[in-house]
Structure formats: structure tokens, C-alpha cells
1. Is there a residue in the range 278-285 that is hydroxyl-bearing (S, T, Y) and more than 20 Å from A224 (Cβ to Cβ)?
2. Hey, among the residues in the range 361-401 that are of a type in the set (V, I, T) and part of a loop (DSSP other than H, G, I, E, B), which one's farthest from F470 (Cα to Cα)?
3. Looking at P429, P489, which one is modelled with pLDDT of 95 or more and not assigned by TED's automatic domain parsing to the domain that holds Q217?
4. Suppose we filter the range 402-426 for residues that are more than 17 Å from the chain's Cα centre (by Cα) and part of a loop (DSSP other than H, G, I, E, B); how many remain?
5. Would you mention how many residues in the range 344-379 are basic (K, R), surrounded by 18 or more Cβ atoms within 10 Å (Cβ to Cβ) and without any contact (Cβ under 8 Å) to a residue 60 or more places away in the chain?
6. Do the conditions hold for S108, that is, is it in contact with a His (Cβ under 7 Å, 6 or more places away or on another chain) and either under 19 Å from H393 (Cβ atoms) or assigned by TED's automatic domain parsing to the domain that holds H393 (or both)?
7. Quick one: how many residues across the range 23-49 are of a type outside the set (G, A, S), more than 18 Å from E109 (Cβ to Cβ) and more than 26 Å from the chain's Cα centre (by Cα)?
8. Would you please list the contacts, defined by Cβ atoms under 7 Å and residues six or more apart or on different chains, that run from a residue in the range 119-134 that is in contact (Cβ under 8 Å) with a residue 40 or more places away in the chain and under 16 Å from E387 (Cβ atoms) to a residue that is buried (at least 20 other Cβ atoms within 10 Å of the Cβ) and among the small types (G, A, S)?
Amino acid sequence: MVKPVCALAVLAGACFAADTRFEISYPAAVNRGPLTGRVFVMLSRTNQREPRTQVGRVGVPFFGRDFENLAPGQAAVVDGSDLGTPVESLAEIPPGEYWVQGFLNLYSEFRRADGHVVWMHDDHWEGQRWNRSPGNLYSTPRMVTLDASKGYTIPLMCDQVIPPVDVPADTEWVKRFKIQSQILTKFWGRPIYLGATVLLPRDYARSTMSYPVLYEQGHFGLGAPLGFSTGGAASASGQALASAWMSDNFPRMIVVTLQHPNPYFDDSYAVNSVNVGPYGDAIHQELIPEIEKRFRVIRQPWARILSGGSTGGWEALALEVFYPDFYGGTWSYCPDSVDFSDVEGIDVYQDKNAFYKQIDWRREPTINSREVNGQVRQTSEQRNHFELVNGTHGRSGEQLDIWSAVFGPLGKDGYFEPLFDKRTGEMHPEVAQYWKEHYDLRYYLEKNWYSLGPKLVDRIHVFVGDADNFFLNNGVHKLQEWMKTTKDPHYEGYFVYGAMRGHCYSGPENSADRLREMAQYLLSKMPAGTVAEWWKPGP
């Protein structure tokens, strides 16, 4: 009989049998090794979809552990001592039958220009999603009976390889390209790529005119900008946009989405960072010049505008603020925290702990996300433990980790210095101060308003739901409150709040109407004497 032993303190006193474990290996036929990375075990009650595709913030239980130099046939172990999410310990899995799957997320060695050597997942144009990243290994799901009180040893052979990404073919309307960035390759010590997906206006191939361009920011994706689609399976909004876009009386513009996945996340936030690298430089010195070389765009600031939602909303605002002489206006939807006094519920400047708030005699959990009706979706502790299971050293490919990577200082080990302890929630005030001085947009505007203000008048448009699921409306309110106090010049910006609207509210207009609005804005900003050949008035 196996005698139970107690797990780590983080598992809240749960106990498991000494031989409660999964042994995950791979054959030489799929990879000759040795391999370094992170091993996962996923459990699900159903197999309608593979368990690896059921992982998510509120998905099925999974558990992980780092491994190094794993040879073919050698087993990486996941057992009751490993943290899991949303169930923290294998001991807490109720006895029963489950579909289980093993997975190996592979890391590569990066010898960076700053002298640090780090092991990260090398993106393969999938956008830092380990469960579908080409080259990663996984096992065929199998049903097993689990009972932690009795103990078990389950072998899982990862003999399946995720194939390369299938990039959509170009069409008359949508073009794609990908380039190796010399700037980022030098920083990371391995090839790093940038890309763009370009939506062309009607009659582009039959004209010689140049067009204004909208840079639509957001998470990595290879789909057409703004969801444009002419296919039968397209969404109603995508088809509605396509119908307007192809009509004779629609403004002629170019819309571009940028692809800039990196070893931390599916998106770089388009700024220079000591941890993620000089993406601001690479985008503006390599990628956009390449766009302007390949396509007929008007190469003037008034004709470059920005938009985006969530991550893209922060970028759309940040790029206008950090590069006011390059862009001519921004439409920012549900932007990530523009004031770090509320970062998905965490007050970076005041909270002592990222997981709990001390309210007089009470200690209450910090809420990370909510439903529109106010119900709790996830606490900060749950959210951060989910990220920690996905990857240590900030290698989760998730949201709070990329904020720490972009906004935070460099750590002694070459990974970022975290804002708080991922297990306990204890805050690091000196890191919070670094965040503030470098990337708090409201504070940056306040500190630099004398020089920035005159350049930004009429350019800032911000939209957010007042019930945003991640509390992003709180930072927007802070920004608006401050902008009402601006002087020399006084400029309050343009803010729209959607009552009882969640993430990601972008206003009542559809995409076609918003593009018409942007076209009108561009007309008002053209230099005197400019001929707007691209302008086609609406109905």
C-alpha cells in the first residue's frame, strides 16, 4: 500500500500518493534531441476536442514542469508536487475516468546582444501559442482512470508533431509578406521576423495614385485586416465591410495589420524594451519602410493613422504619443491599462500584494476579470497561477507576463524583473516605479505635455465599455480626468463609454462607418493644395 505524503505548502495542505505521476517521453523518430522546454499534462472529461485545445483561462486542468536536455526515450515527470490550474494539485482531481494528453513545448537558446543567455520558445509564426506551435510534440489522447489516493504512474508518448503554419494565399484584395529583422535578430541572437497583412482598396491594381494608410494594431493573426472577407463562411460584419469596401462610393484607403510575435508573446507592444527588444525601432526603421516601398501609400504623417483594440488599443494610443511626428491620429478601443493605478484590478502604486487588498481588518481577493453583470470571472491569484503553469520566468505567452516584459526592468538572470512574486503576490515597489517612468501613458503625457500637447490636439479618440471585463475603463477614466485639466494647450481628447458594455467596446459604428469617419478626418488634416484622389464620398 502506498503511503500518502504531503505536497508543497502552495497546495494548501493537499496530499497525494508518492507514485502519483505522469511520465512523458518522445521517440527519436520525431526528434533526435536532446530537448529543453516545458512539459504539460492536460486532463479533460471529454475528447470532442483534444485536451491541448481545451486549455485556457477558464479551461480544463493542466499541469507543467520545466525540463532540460531530455533525450529520446527519457521521461519528463509531472507529479503531485507540480502546480496546476484551475486545479492546483493532482491530489485535487476527483477519482474517475479522464482523457489525458502529454505535451512538450520546446525552447531554444537565445544568446542576446546584452550578454545574457536565455531559453525561450522560438515563435514559428503561430503567435506564441504553445499548444499549436509548429515543431512541438504531443501524445494521442487516451482515457485513463485516476485516483490520487491510490497512486498511479501513467506513461505518455509524444509521438505527434505539430505541422508548419498554413499561411493564407494572397488575393486581389489582401497581400502578405514577412521579413527578417536585422535589428531584432542582432538583439536576440537568433532570426526574428516581422510581417504585414495589407488590405488594398478597389481599383488599386488599375490606378497609379497613392493612398492614406490605417495601421490596425492587435494580437498576432494572419487574417485580413478588420475581418474583411468575401468568402461564404465569412462573418456578417466581415461581409458587410467587404460589400462597402468594394463599392464605388467608398473612401479608398489601405489598411495594414502588423505581425511582430516575439519570444515572450504574440505581440511586442510596438515599443522599445530592455527585455523584449527594440521593436519600436524595428517597426519604424524596417517594417513600415518596407510597406511604403511595396505599396503606394502617402508617406506623410497626416496620412498615417492608427486604431486597435485591447493590446492593439494600447499600441494605437502609445504609438501616437511616442511618435507624434510620424502618425496623424488614433482611434484606441478598450486599451490595456493607460494608467497603472489599475492593471486588471492591481494598483501598481499602492497595493502591497497583487492577489489581495487589505481593507482595514479584512483581506479581500483582487478581482482580475468579471462578467458584464459584475460576477467574478477570475481572481488575480487564479490568473497569475494560470500564467505560472504555462511557463516560468515569464515564458507563459500570457498577458501579465508580457506587460512585465515590456514595461519592466531587466533582471539579473536575463529574464525580466517581475512586478510581483507570481506565487505569493508580494509586490516589488522599485519595479512599479520603473513601469511608471517608462510606460504609464497618462503619466508620460502629464510629464511631457508642454512638448506633446500641441502635436496631439484633435488626434486622440478613445472608446471603452464601462463594464469592461478587465476593468480597463478605470484607466481610461483616469486619463480623461487628467486631460480635462490640461493647459497650453487645453485638449480634452475624445472619449466614448459604452454603458454596460464589456471588452472590447469600439463604439456604435460598424467598421465601414468608422472608416468613413476616418476618411473625413483625413480630409480635414490634408495640407493646403493637396488633391484627394483617393476620396470617394459616401452615399
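The values are calculated or read from the model by the stated rules, or taken from the named source; none is laboratory data. All values derive from a computational prediction rather than experimental measurement. Backbone-built Cβ (ideal geometry, glycine too); neighbour counts: all protein chains shown.
1. Initially, the range 278-285 is screened for residues hydroxyl-bearing (S, T, Y), giving 279.
Checking the rest, the ones that are also more than 20 Å from A224 (Cβ to Cβ) come to 279.
Yes; the residues of the range 278-285 include at least one that is hydroxyl-bearing (S, T, Y) and more than 20 Å from A224 (Cβ to Cβ).
2. So the first thing to find is which residues in the range 361-401 are of a type in the set (V, I, T), and the list is 366-367, 372, 376, 379, 389, 392.
Those left that are additionally part of a loop (DSSP other than H, G, I, E, B): 366, 372, 392.
Details: T366: 12, V372: 10, T392: 23 Å.
Looking at the filtered set, the residue picked out is T392.
3. Working: P489 fails: not assigned by TED's automatic domain parsing to the domain that holds Q217.
One residue alone meets the criteria, P429.
4. First, the residues of the range 402-426 that are more than 17 Å from the chain's Cα centre (by Cα): 409-415, 417-426.
Within this subset, residues satisfying the condition of being part of a loop (DSSP other than H, G, I, E, B) are 409, 411-415, 417-419, 421-425.
Adding up the residues that qualify gives 14.
5. Residues of the range 344-379 basic (K, R): 352, 357, 362-363, 370, 377.
Still in the list and also surrounded by 18 or more Cβ atoms within 10 Å (Cβ to Cβ): 357, 370.
Add one more test, that the residue is without any contact (Cβ under 8 Å) to a residue 60 or more places away in the chain, and what stays is 357.
The qualifying residues number 1.
6. Values: in contact with a His (Cβ under 7 Å, 6 or more places away or on another chain): no; either under 19 Å from H393 (Cβ atoms) or assigned by TED's automatic domain parsing to the domain that holds H393 (or both): yes.
It is false that S108 is in contact with a His (Cβ under 7 Å, 6 or more places away or on another chain) and either under 19 Å from H393 (Cβ atoms) or assigned by TED's automatic domain parsing to the domain that holds H393 (or both).
7. Counting residues in the range 23-49 that are of a type outside the set (G, A, S), more than 18 Å from E109 (Cβ to Cβ) and more than 26 Å from the chain's Cα centre (by Cα) gives 9.
8. Taking only residues 6 or more apart or on different chains, the pairs are H121/S133; Q128/G397; R129/G397; W130/G397.
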